[in-house]
Amino acid sequence: MTINKIIDSAKNKKYLIINENDLNELLTNSELLIEENTYISDKIRLLKINDDLILQEKTTKDEYLIRHIKTKAEAEKLIKERLEIYEKMWDGCGCKVDYYN
């Protein structure tokens with residue numbers, strides 16, 4: 001898929017599952033604003049492509065998931081929430097990340 005098609009598809013859905021080639025295309029053609037290692041499920045990233053913000057993460061099912069985010073503050077909040085859940089997972093809480101919500 002082209003970058004524009006990926007972004008347009010992400011805009012029209014709550015989330016979009018992409019393949020590794022599409023992920024590499026996004027990473028190559030974007031500005032990396034935030035990157036945090038979850039130590040459980042790869043990295044969570046905030047990418048800027050033109051005026052669009054894309055949050056990218058890898059699910060525990062090894063799916064590359066992206067979502068179009070309206071503001072950097074919204075992305076920072078979601079990243080913080082994810083990292084808190086991963087931290088609890090390290091402590092053995094038995095909790096899980098709901099990537100699809």
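The values are calculated or read from the model by the stated rules, or taken from the named source; none is laboratory data. Note that the structure is predicted; figures quoted are calculated from it, not measured. Please note that ligands, DNA and RNA were not included when accessible areas were found on the heavy atoms of the full protein model with its side chains. Shrake-Rupley method; radii C 1.70, N 1.55, O 1.52, S 1.80 Å.
In whole percent, and with a 1.4 Å probe on the protein chains, what portion of the accessible area of the chain is carbon and sulfur?
Details: 2670 of 6200 Å².
With neighbouring chains kept in place, the figure for the chain is 43 percent.
Pairs LYS13/LYS77; LYS13/LYS72; LYS13/LYS61; LYS5/LYS80: which exceed 24 Å Cα-Cα? Numbers along the way, then the final one.
Numbers: LYS13/LYS77 20 Å; LYS13/LYS72 19 Å; LYS13/LYS61 20 Å; LYS5/LYS80 28 Å.
Exceeds cut-off: LYS5/LYS80.
Share of Cα-Cα pairs in the chain beyond 25 Å, in percent?
Numbers: 735 of 5050 pairs.
Result for the distance tail: 15 percent.
In terms of Cα to Cα distance under 20 Å, which aspartates and glutamates are near enough to LYS11, apart from those fewer than 8 places away along the same chain?
Result set, ordered by chain and number: GLU20, ASP22, GLU25, GLU31, ASP51, ASP52, GLU57, GLU63, GLU74, GLU76, ASP98.
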